[in-house]
Structures are given as structure tokens and as C-alpha cells.
Amino acid sequence: MTTGTTAAPYDIRRRPRLLRKGLKAAGTLAALAAAVLVARTVLIPWAYPLPGRPSLTGYWQGRIVYSPTDSRQVLLRIRYEENCSMACAMTGRAKVCGARRDTAGDLTGDVHTWSGRRFSVYPHLPPARGDIRIETMDGDWRGDEIRMRAKVEYYDAAGTWNSSQQPPAPKVFEMHRIDGGRFDAACAHG
């Protein structure tokens, strides 16, 4: 007992319902994305600042003075470490140009305040036999300037550390923002 009517393969009345469901899903995804962006700005303002505000991440350049006859260019590339939990760390690269040789290596770091104003970085530079090596740097960040205090150590030609041979801590030095091209080309001229 069939009536002879056949159902249409696509019911035109269902179309508005599907459109509403699609718009609702897209709105939900957009709201979630906005919530993630706001959370980043609120929780990690030094890496994800509000528009028009500076960030601590990026490229920085300064000059550290070890003695009246020995000053070196220091360059940092600071990035936010995406794979960390709260009290997030930073990663990047460090370069020290001048004196007897140029050195480069990775760096890690920690922020000490929510805003990132106070932080520390730890350059992982190759051993410096017969030379001074930066062990840590503590920074005070304000916009496009960082005031750095460095802890340095001297290793003799044999690569050993001796407390009687350690230089005094260098004076506080300033670092300023630069672009990636200058960072990549650094150490070409010391």
C-alpha cells in the first residue's frame, strides 16, 4: 500500500535549520578564539600585549663593558615558550660579539613579575677558555629599553674556574630593540 508520493531527496524546510546550526557553531568557535586571545593578553602581557603596547619578546642589542679596554656587543632574541605552564619561561638566542672571538648560543629565561618588567635570562654559550663568559643577566624592562645586570665568570686557558681570577661584575648596561636583520648580521664587525 503505497500512496504514490515520493519523498524529495532534500527537504527544503530543513535548510534554514542547518544554516542556523552552522552559524551557531561558527559563533561558538569565534567566541572561544576571542577568549583564548584575551586570556593570553591578561595572563602573559609581556609576550602578548594589547595593540599599540610593546612586548618583551623580540630582538635586543646592547654593549657590555668588562673593562676600559674590553666592551662587547650583546644581542638577544627573546621568545615566549609556548609549551610551558604558569609562570612561563622564555627561550631564544644570544650572541656576544667582539674581543677575541664571537660566541652564540641558546638562551632560556624566567619572568619574575606578571608584567614581565623584571626577568632573568641564562645564555647557554660555549665554554670560554681564556675569556670571560656571561652566566646570567637580570633585566628591568620598560618599553623599548632594558637595563641589564650581568654575572660573568672567567675560565683560564685550561677551561678551569678559579675564584681568585674572577672579574668584578660589569656595570649595568642598556639594551634597545632592533630588527631581525640586524640580529642575523651581528658579529660581522664586532
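The values are calculated or read from the model by the stated rules, or taken from the named source; none is laboratory data. Not measured: the values here are computed from a predicted model. Glycine gets a Cβ as well: all are built from the backbone with ideal geometry, and neighbour counts include every protein chain shown. Surface accessibility is based on the protein's heavy atoms, side chains included, excluding ligands, DNA and RNA. Shrake-Rupley method; radii C 1.70, N 1.55, O 1.52, S 1.80 Å.
Based on DSSP, what percent of beta bridges with both residues in the stretch 86-190 are antiparallel, to the nearest 5?
On the way: 34 of 35 bridges.
Roughly 95 percent of the DSSP beta bridges within the stretch 86-190 come out antiparallel.
Between SER67 and LEU32, take the C-beta separation as r, use R0 = 41 Å, and let me know the FRET efficiency to the nearest 0.05.
0.15
Run the simple label-point estimate for ASP106 and GLU81 please: 7 Å along Cα→C-beta, distance reported in nm.
Here the answer is 1.0 nm between the modelled labels.
Grab the Cα-Cα distance for SER120 and ALA25, subtract it from 0.36 nm times how many residues apart they are, and report the gain in nm with one decimal. It would help to have the intermediate numbers written out before the result.
On the way: separation 95, 0.36 × 95 = 34.20 nm, distance 4.30 nm.
Going from the current span to full extension adds 29.9 nm.
So how far, in whole Å, is the C-alpha centre of the stretch 92-153 from the one of the stretch 41-79?
10 Å
Please find the FRET efficiency linking THR136 to LEU50, where r is the Cβ-Cβ separation and R0 is fixed at 30 Å, and quote it to the nearest 0.05.
0.50
Go ahead and run the numbers for FRET between ARG129 and LEU43, Cβ-Cβ distance against an R0 of 30 Å, rounding to 0.05.
0.10
Go through 51-63, 155-167 and give me the packing order, highest mean Cβ count within 10 Å leading.
51-63, 155-167
Ignoring ligands, DNA and RNA, please state the percent of accessible area on the stretch 69-190 from carbon and sulfur, probe 1.4 Å. Please list the in-between numbers first.
Numbers: 3220 of 6550 Å².
Answer for the stretch 69-190: carbon and sulfur cover 49 percent of the accessible area.
Whole number in Å², please: accessible area per residue of the stretch 78-154, 1.4 Å probe, ligands, DNA and RNA not counted.
50 Å²
When the Karplus curve 6.51 cos²θ - 1.76 cosθ + 1.60 is applied with θ = phi - 60°, which whole-Hz ³J(HN,Hα) does each residue of the stretch 154-170 get, with x for Gly and Pro?
Karplus values, whole Hz, x for Gly and Pro: 10, 10, 6, 4, 7, x, 9, 9, 9, 4, 6, 9, 6, x, x, 4, x.
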